[in-house]
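Trainee: Supplied in structure tokens, the structure appears directly below.
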Amino acid sequence: MKFLVTGSSGHLGEALVRTLKDAGRDVAGLDITPSPFTDIVGSIIERERVRQVIRGIATVLHTATLHKPHVATHGRQQFVDTNITGTLNLLEESVAAGVVAFVFTSTTSVFGRALTPPPGEPAASSTYDVRPVSRHIYGGSYAAAEDLCELFHSRHALPCLILRTSRFFPEEDDDPFVRRDYADGNVKANEFLYRRVELADVVDAHLLAADKAPALGFGRYIISATTPFRPDDLPALRRNAPEVVRRLFPDYEAQYARRGWTMFPGIDRVYVNERAEAGLGWRPRYDFRRALDLLKADRDWRSPLAETAGQKGYHRGRFAGGNYPVS
């Protein structure tokens with residue numbers, strides 16, 4: 001069974017190609033940027049190119065996209081062209097080529113403002129009946145692409161699973177105030193409680209989805225590290241996150257103090273991966289507990305795969321205040 005990985009020169013794309021090749025699987029990589037993990041240089045916007053590369057493909061892992069950090073440097077039409085039209089091209093050619101599994105890498109950013117509770121309200125919890133309310137063209141384009149995937153399943157019986165991934169990028173946070181007030185490792189460790197996932201776990205989820213798609217047909221899944229929080233934690237979590245974390249992890253403060261780190265004062269949302277664990281059989285290996293244990297041992301909490309894949313910048317240059325502009 002041959003795989004096509006779109007966006008194969010990117011962070012996740014490279015990790016998928018590496019993992020598939022290491023397992024002896026037949027895989028082709030497609031990207032607009034040449035790299036050792038890209039067999040075909042081309043764009044998913046180019047319909048004829050997509051038609052050519054998808055011949056003989058059984059499984060599509062579609063990771064190619066414009067990301068949130070591109071909002072400040074790319075126009076809305078470019079987001080539509082890549083994230084919506086590019087996905088449409090892949091879906092239509094997948095149906096024509098008889099693809100048996102299509103896995104679309106989406107993002108928890110599709111929730112947008114729907115998971116921003118008003119002041120004084122408890123932290124929001126992601127559920128699949130939450131209607132996305134786009135915050136910007138990035139989330140809006142992904143929501144539209146998700147709907148296309150659902151359409152092609154219902155109209156053409158294309159097995160298509162959508163993975164809404166939380167943060168796994170290696171770059172610093174896009175919020176300049178967060179970058180100012182917290183060390184990068186501090187931010188990422190905090191996020192494992194509610195909105196981060198490790199690259200190796202994201203790869204595992206994609207490979208499980210590829211295997212399960214023909215039987216499942218269609219589904220949306222949140223891919224995020226398993227949160228320790230329960231519904232009755234949400235009111236206090238919004239008001240006083242350190243207190244809640246201290247109760248669940250009494251040893252966290254000592255490890256943070258060693259590094260001069262602090263917990264965020266409040267957490268406004270929690271991503272819940274229960275459907276992915278139940279439907280895909282996915283068991284993320286990296287979470288806040290593991291991060292603390294690795295910190296105790298003075299070890300890097302990243303997976304070996306993340307270290308090997310390295311840092312993939314969204315932009316080739318650097319900008320004032322960081323490695324991508326803040327809109």
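The numbers here are math on the coordinates, done by the rules we state, and not lab data. All values reported here derive from a predicted model rather than from experimental measurement. Here the Cβ is made from the backbone with ideal geometry for all residues, glycine too, and neighbour counts use every protein chain on show.
Trainee: Could you count how many residues in the range 221-247 are of a type outside the set (A, V, I, L, M, F, W, C) and either touching an Asp or Glu at 6+ places or on another chain (Cβ under 7 Å) or within 17 Å of PHE288 (Cα to Cα) (or both)?
Mentor: So the answer is 11.
Trainee: So which residues in the range 194-240 are among the aliphatic types (A, V, I, L, M), part of a helix (DSSP H, G or I) and within 20 Å of CYS160 (Cβ to Cβ)? Lay out the reasoning, then the answer.
Mentor: Initially, the range 194-240 is screened for residues among the aliphatic types (A, V, I, L, M), giving 197, 199-200, 202-203, 205, 207-210, 213, 215-216, 222-223, 225, 234, 236-237.
If we keep only those that are part of a helix (DSSP H, G or I) as well, we get 199-200, 202-203, 205, 207-210, 213, 215-216, 234, 236-237.
The answer is VAL202, VAL203, ALA205, LEU207, LEU208, ALA209, ALA210, ALA213, ALA215, LEU216.
Trainee: Next up: What number of residues within the range 106-118 satisfy the criterion of being among the hydroxyl-bearing types (Ser, Thr, Tyr), part of a helix (DSSP H, G or I) and touching a residue at least 60 places away in the same chain (Cβ under 8 Å)?
Mentor: 1
Trainee: Cβ-Cβ below 7 Å, separation at least six or inter-chain, first residue in the range 255-280 and under 20 Å from ARG239 (Cβ atoms), second surrounded by fewer than 19 Cβ atoms within 10 Å (Cβ to Cβ) and basic (Lys, Arg): which pairs?
Mentor: Once the first residue is under 20 Å from ARG239 (Cβ atoms) and sits in the range 255-280, its partners that are surrounded by fewer than 19 Cβ atoms within 10 Å (Cβ to Cβ) and basic (Lys, Arg) give GLY266/ARG239.
Trainee: Can you pull out the residues in the range 257-282 that are among the hydrophobic types (A, V, I, L, M, F, W, C), within 18 Å of the chain's Cα centre (by Cα) and either assigned to a helix (DSSP H, G or I) or more than 26 Å from ALA205 (Cα to Cα) (or both)?
Mentor: Initial filter on the range 257-282 (among the hydrophobic types (A, V, I, L, M, F, W, C)): 257, 261, 263-264, 267, 270, 272, 276, 278, 280, 282.
In the following step, the residues that additionally are within 18 Å of the chain's Cα centre (by Cα) were identified as 270, 272, 276, 280, 282.
Across the range 257-282, the qualifying residues are ALA276, LEU280.
Trainee: Right, another one. Are there any pairs with C-beta distances below 8 angstrom linking a residue in the range 184-198 that is under 18 Å from GLY260 (Cβ atoms) to a residue that is in a loop (DSSP other than H, G, I, E, B) and charged (D, E, K, R), with the two at least 6 apart or on different chains, and if so which?
Mentor: ASP184/GLU172; ASP184/ASP173; VAL187/GLU172; VAL187/ASP173
Trainee: While we're here: Surrounded by fewer than 21 Cβ atoms within 10 Å (Cβ to Cβ) and either without any contact (Cβ under 8 Å) to a residue 60 or more places away in the chain or in a helix (DSSP H, G or I) (or both): is that true of ARG180 in this structure?
Mentor: Yes.
Trainee: Quick check: anything in the range 151-162 surrounded by 20 or more Cβ atoms within 10 Å (Cβ to Cβ), under 25 Å from ARG289 (Cα atoms), touching a Leu at 6+ places or on another chain (Cβ under 6 Å) and touching a residue at least 24 places away in the same chain (Cβ under 8 Å)?
Mentor: no
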